[in-house]
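Okay, so here's the structure we're looking at.
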Amino acid sequence: MKTEQSIAIMKALSDQSRLAIINSLLERSQYVEEIAKRHGLAASTVSFHLRKLEQAGLVSSRKEQYYVVIQANDAIFDTTLREIVSAPTAGRELQDGRMEEYRHKVLETFFRHGTLEKLPTQHKKRLIVLEQFALRFEPEHRYSEQEVTGLIMPLFDDYCTIRRLLVDEGLIRREGATYWRENNDGEQTIQQVVPLQIVKGSGNMPKESRRADIKRLYKQSAPDMGIYQIKNKINGRIYIDSSTNLEGTRNSRLFQLKMGKIVFNHELQKDLNEFGADNFEYSVLDVLEKPEPGDNVERQLAALELHWLEKLQPFGERGYNSAKAFERNMAQLQLQGVVKLG
């Protein structure tokens, strides 16, 4: 059952007069005039209520000589309340997409350069971060304390806190000095953003060696960062932006296009309404060279983005970006010496 029909049914049954009319029609089919007389209503009022009920699919009508006969739709009344209120697939996709976008935003905020900078104070965000550590445990595999340390250290130095929180939140189990993650068939599938890497024996490594391992793992597993564009295939207009996770941004932007809801650019939304999602495409223009831990990635990305904005000029009829914002950002980076004049 579609969302619109479920809502129409609930609205139609929210009126006392329509409930009374439905109850009498469930007994037998009746003429409009008969319904009006039976319930003490004007014929015009009954006709109004019947239109609402018919729009919801609760009743149907047929003509017999000079009269219109109204009958209840038995198929609808055989439908359970659970079937009526069940969330349609499109609704679930939209909700899942919003949640996935929120998770990516949280992870991009707290995981920088392939490692966790700090633990979120908000419980909901902290759980999202802890899930990434839990996913490093193979289901049902038993780990020693030293092995657990090796799983956590590449992402966060304070392995004791993470280990305790994972147990406290029920994300992993502990028995003595043994740890494991249960394989629950019914648990929600969670995408692993930080790749699974195990540094054997890292618990006994000197701090310098651990940092070298973190640096190596980051270079191997950090998501591609760079510049992407969304292009309107009908009129050729483009939108250019930077991303610290091109694959994650690709999934997010394509989902937004599919759902027909763009929140980051008004002009792009207008064209999406006119031309539809099938007439837009996402592509990567440039991938930033993997920076070293501690590099100012935001500044490097900003400079790379300005380079492509200057090159392609996606302003006005040519694109959806703001020329004023481009000029302002260019002037700011020129003052900082990141980009040169001319």
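Each reported figure results from applying straightforward, stated rules to the coordinates on display, with no laboratory input. All values derive from a computational prediction rather than experimental measurement. All Cβ positions, glycine included, derive from the backbone under ideal geometry; neighbour counts span all protein chains shown.
In table form, for the structure just shown:
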read-out: Neighbour-count ranking [beta-carbon atoms within 10 angstrom, fewest first] of MET99, MET330; value: MET99, MET330
read-out: Cα gyration tensor shape of the stretch 3-84, rounded if a/c is under 1.5, else prolate or oblate by comparing a/b with b/c; value: prolate
read-out: Rough spin-label spacing in nm, given labels placed 7 Å along Cα→Cβ, for ARG173 and GLU281; value: 5.1 nm
read-out: Charge dipole (debye, nearest 20) of the stretch 29-174; +1 at Cβ of Lys and Arg, -1 at Cβ of Asp and Glu; value: 400 debye
read-out: Neighbourhood net charge (11 Å Cβ-Cβ; Lys/Arg +1, Asp/Glu -1) for LEU119; value: +1
read-out: Cα-based shape type of the stretch 226-335, given that a ≥ b ≥ c are square roots of the gyration tensor eigenvalues and the cut on a/c is 1.5; value: oblate
read-out: Two-site FRET efficiency, LEU19 against ARG328, from Cβ-Cβ distance with R₀ of 45 Å, rounded to 0.05; value: 0.15
read-out: Selection of trypsin sites (Lys or Arg not before Pro), the stretch 257-321, meeting DSSP coil and at most 16 other Cβ within 10 Å; value: LYS261
read-out: In nm, spacing of pseudo-spin labels at ASN273 and LEU26 (7 Å Cα→C-beta vector); value: 4.3 nm
read-out: The stretch 31-164: C-alpha gyration tensor shape, a/c 1.5 cut-off, then a/b vs b/c; value: prolate
